Amino acid sequence: MKEKIQQVFKQADLAAYSIKQRITLRLAAGAFFLLIKLIGKTIKFESIGVENYEGIETEGKLPIICFWHNRIFLGTYFFRDHRIVVITSQSFDGEYIARFIRKFGYGAVRGSSTRGGVGAIIEMIRLMKNGLSTGFSIDGPKGPRYVAKAGACLLAKKTGNPILPFSIEAEKFWTIGTWDKLQIPKPFCRARGFYGAPIYVANDANDEELERKRQELQTKLDELVELGKQWRESIK
């Protein structure tokens, strides 16, 4: 298992791709890494509810961090070097995403809600049982925007680790015209991370209970987004 853990943090062999694709992957991964790092270094961060994160560690548990996909730019920098494992799609785009997040100290398991999803969740279960935290952009990879999916609830059931709802709000940001309305923080602004109360899922939870937990996660993430908006409005 030690070798498997090392593999999720190691950049993949690109032998299956053409020379042009390899160049594209390396350039794209490098560009995203530099952009996030350069902007991230200028942001003044603060946190609310960090005791929820610390409480999980005190209990000897690992967090399953869940956030909305459009916060992934700033969230990637915020949680850098925490050895958090995330799922990235098996598509070409998923490969350069896997490459740049590994540069920030993340592990990557390849799969999605549509391709390889079950296998990816099984791998995440194994990795959590071997001491690694996990993260989900819970409405990804393709939406619908702000609609939580059930993967994190299933992972919580199978591992006994709690879901940790999280949102991060930048004081000022650009919005990209993607399906999720991706937020790119403006340099030298403030940003506030919001940790919600952990959500536990019983190991004997049935489908109905899993749906209730998914709805609870949905509600908490919506509340954190609203808290972020209120904070941003208060400092204008």
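Values in this text are rule-based calculations from the coordinates and carry no lab data. Because the structure is predicted, anything quoted here is derived from the model rather than measured. Because the Cβ atoms are built from the backbone with ideal geometry, glycine has one as well, and the counts that use them run over all protein chains shown.
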Report summary line: Residues whose modelled amide H sits under 5 Å from the amide H of Arg110, counting only those 5 or more places away in sequence or on another chain, are Thr88
**Report entry** Total formal charge among the other residues, if their Cβ is under 11 angstrom from that of Ala197, Lys/Arg +1 and Asp/Glu -1
**Finding:** -2
Report summary line: Phi-derived 3J(HN,Hα) across the range 41-48 with the Karplus relation (6.51, -1.76, 1.60, θ = phi - 60°), rounded Hz, x for Gly and Pro, is 5, 8, 7, 9, 8, 9, 10, 10
Report summary line: Here the net charge surrounding Pro144, from other residues whose Cβ is less than 13 Å away from its Cβ (Lys, Arg +1; Asp, Glu -1), is +2
Query raised in the report: How large is ³J(HN,Hα) for each residue in the range 160-170, as worked out from phi by the Karplus curve 6.51 cos²θ - 1.76 cosθ + 1.60 (θ = phi - 60°), to whole Hz, x for Gly and Pro?
Result: x, 8, x, 7, 10, x, 8, 9, 10, 10, 8
Query raised in the report: Using the Karplus equation 6.51 cos²θ - 1.76 cosθ + 1.60 (θ = phi - 60°), what ³J(HN,Hα) coupling, rounded to whole Hz, does each residue of the range 19-30 give in order, writing x for Gly and Pro?
Result: 4, 4, 5, 4, 4, 4, 4, 5, 5, 5, 4, x
**Report entry** Among 173-183, 157-167, the order from most to least packed when residues are scored by Cβ within 10 Å on average
**Finding:** 157-167, 173-183
Report task. Work out, step by step, the length gained on full extension between Val118 and Gln215: first 0.36 nm times the residue separation, then minus their alpha carbon distance; give nm to one decimal. Result -> 32.8 nm
